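*Asks:* Sharing a structure with you now.
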Amino acid sequence: MRRWDGSTPPKPSTSSEGWALVALVAGVLLLHLLIIDQPTLSYVFDEAHYVPAARCLMAGTGCNEEHPPLAKVLIALSIQAFGDRGFGWRLPSVFAGSFTLVLLYLLARRLTDGRVALLAAFLLGFENLWFVHSSIAMLDIPAFFFAMLGVYLFTGQRGWLAGLALGVGMLAKGVVAMVFIALVLYVLLSQERWYSKAALAVTTRVGLSVGIPAALTFLAGLGLYDLVYQAFPSPLHHLASMASYHQTLGSPGMSDSVHPLRWFSGFPNSPYFVTSIQSEDGSIPRDVLQYMDQPNLVMLLFIWLAIPLVWPDIRARQPLALLSSLLVGVPYLLFLLVALVRVTYPFYMLLFMPGQCILSALALSKLPRGATLTFCAGVLAWFFFWFPRNPLAPWE
């Protein structure tokens, strides 16, 4: 049975694929647990904003209202359950980042074979920027977990549930709305004659079935927050305040800003948190914590080869190739526009990294097995060299 996007239901996953996925997620979780409580009582990067905001919520006070509240609520609940220390702060991001691998596998498996799906999950699991942000208490990874859940539900023809998930994701970070735009374009371009009135009618119907639940969920969540914390008269007032704040970040020339045109060519490392503990004789530091803003460069630069390799499938509107290209291309083009008026940071790339990993997996599936294994070895080498606990890395 074919779906409206032209895809067909996949064959069931094999038990070996399932165990491989379990091993991958367990391994990534273990790596997170090695560093989750370090540093224990000091912040990494923007934890300095969001952990205090979570404490405000626990005290019954609204704060940091320039960002939606959900991720900070999750941090607050984790602190109450596991203590006000690094472990409690970071656990929601660790779980969200690790289990996004499962969603990515399920999404890719729905539209292609298990090998590509496992490869995509593997690439995301060992993507340095994704791993670092899945290790610290910020808004992005919980938001993008729900975004990927929305995409997965969407490809299963569950429009209103997809909208609900996207709305929840927007309650953690508003840029999840970019994923909705990508999905609407996916519906349109999946039609046999995408420029016809019939295609526009299908796109409008599907878009509304997703967009209305997403918008209502987002507004209801903001309204509940405003009611509990007496923050704003209405969700619309809250939205206006958020927009006013982001207009103040209008200096694209700030020193820590990286323009999107540089995202896929590499850029200087910027440490989020670096510390070293030297032995008494002053020899090489025996313990280094380094949280960097650098993606996995092996994977990052591969995009220039992946797009040409997958382009025939994109032109043929093969569902997974088309969907993943839009999940990357739409947010990237929108961030290019955002960069005209405000600062942009490398971690904004996190929104489209799952799509990027799918594109890369599709491209690798077209290469000889030896080339794929060599590429994966390079990904692992880069990941572990920049792993936050690597005493051999060249940072002091």
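*Asks:* Would a scan of the range 34-53 turn up a residue that is without any contact (Cβ under 8 Å) to a residue 60 or more places away in the chain and surrounded by 19 or more Cβ atoms within 10 Å (Cβ to Cβ)?
*Replies:* Within the range 34-53 (the criterion being without any contact (Cβ under 8 Å) to a residue 60 or more places away in the chain and surrounded by 19 or more Cβ atoms within 10 Å (Cβ to Cβ)), the answer is yes, since at least one residue qualifies.
*Asks:* What are the residue pairs meeting all of these: first residue in the range 214-230, first residue on the phi > 0 side of the Ramachandran plot, second residue surrounded by 13 or more Cβ atoms within 10 Å (Cβ to Cβ), Cβ atoms under 9 Å, and 6 or more apart or on different chains?
*Replies:* Partner pairs satisfying both residue conditions: Q230/G62.
*Asks:* Please note which helices (runs of 4 or more DSSP H) are completely contained in the range 285-392 and include at least 3 residues that are over 19 Å from G266 (Cβ atoms), open to solvent by less than 20 Å² (accessible area, probe 1.4 Å) and out of contact with any Cys (no Cβ under 8 Å at 6 or more places or on another chain).
*Replies:* Counting at least 3 such residues, we get 319-338, 353-364.
*Asks:* Of all residues in the range 54-68, count the ones that are open to solvent by 10 Å² or more (accessible area, probe 1.4 Å) and in a loop (DSSP other than H, G, I, E, B).
*Replies:* Here the count works out to 9.
A quick yes/no check of all residues on (1) among the acidic types (D, E); (2) over 24 Å from the mean Cα position of the chain (by Cα):
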{"site": "I136", "(1), (2)": "no, no"}
{"site": "D140", "(1), (2)": "yes, no"}
{"site": "F144", "(1), (2)": "no, no"}
{"site": "T155", "(1), (2)": "no, no"}
{"site": "G167", "(1), (2)": "no, no"}
{"site": "A177", "(1), (2)": "no, no"}
{"site": "Y186", "(1), (2)": "no, no"}
{"site": "L200", "(1), (2)": "no, yes"}
{"site": "F218", "(1), (2)": "no, no"}
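*Asks:* Would you say L106 is farther than 26 Å from P39 by Cβ, open to solvent by 30 Å² or more (accessible area, probe 1.4 Å) and either under 15 Å from the mean Cα position of the chain (by Cα) or in contact (Cβ under 8 Å) with a residue 12 or more places away in the chain (or both)?
*Replies:* Here the answer is yes, as L106 does meet what is asked.
*Asks:* Just to confirm my filter: which helices (runs of 4 or more DSSP H) fall fully inside the range 123-226 and include at least 1 residues that are among the polar types (S, T, N, Q) and over 30 Å from G62 (Cα atoms)?
*Replies:* Correct list: 128-133, 140-155, 177-190.
*Asks:* Does F87 meet the test of being surrounded by fewer than 22 Cβ atoms within 10 Å (Cβ to Cβ) and under 20 Å from the mean Cα position of the chain (by Cα)?
*Replies:* no
*Asks:* Filter the range 177-197 for residues that are more than 16 Å from G159 (Cα to Cα) and among the β-branched types (V, I, T) and give the result.
*Replies:* Correct list: empty.
The values are calculated or read from the model by the stated rules, or taken from the named source; none is laboratory data. Predicted, not measured: the structure shown is a model, and the values here were computed from it. So basically every Cβ, Gly included, is an ideal-geometry build from the backbone, and we count neighbours across all protein chains shown. These accessible areas exclude ligands, DNA and RNA; they are computed on the full protein's heavy atoms, side chains included. Shrake-Rupley method; radii C 1.70, N 1.55, O 1.52, S 1.80 Å.
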